[in-house]
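Derivation of every value follows stated rules applied to the coordinates shown; laboratory data play no part. Since we're looking at a predicted model, the values are computed, not measured. Note that each Cβ is placed from the backbone with ideal geometry, even for glycine, and that neighbours are counted across all protein chains shown.
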């Protein structure tokens, strides 16, 4: 889905930078991978909804 990553970025930045206090060098790849996995799983779940081709695109 277009721009879905925006919904997940805030969560993962909070987790990796504030709660776990990772250094930036480690936080950026962790945020990227976590966001990608969440977007993939979210898209997969939405694809099971009937008529979802209009939602996903």
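Computed FRET efficiency, Cβ-Cβ of residue 47 and residue 9, R0 30 Å: what is it to the nearest 0.05? Between residue 47 and residue 9 the formula returns 0.85. Quick one, which of [x] 0.95; [y] 1.11; [z] 0.97 is the actual Rg/Rh (Cα atoms, Kirkwood Rh) calculated for this model? Comparing each candidate, only [y] matches the computed number.
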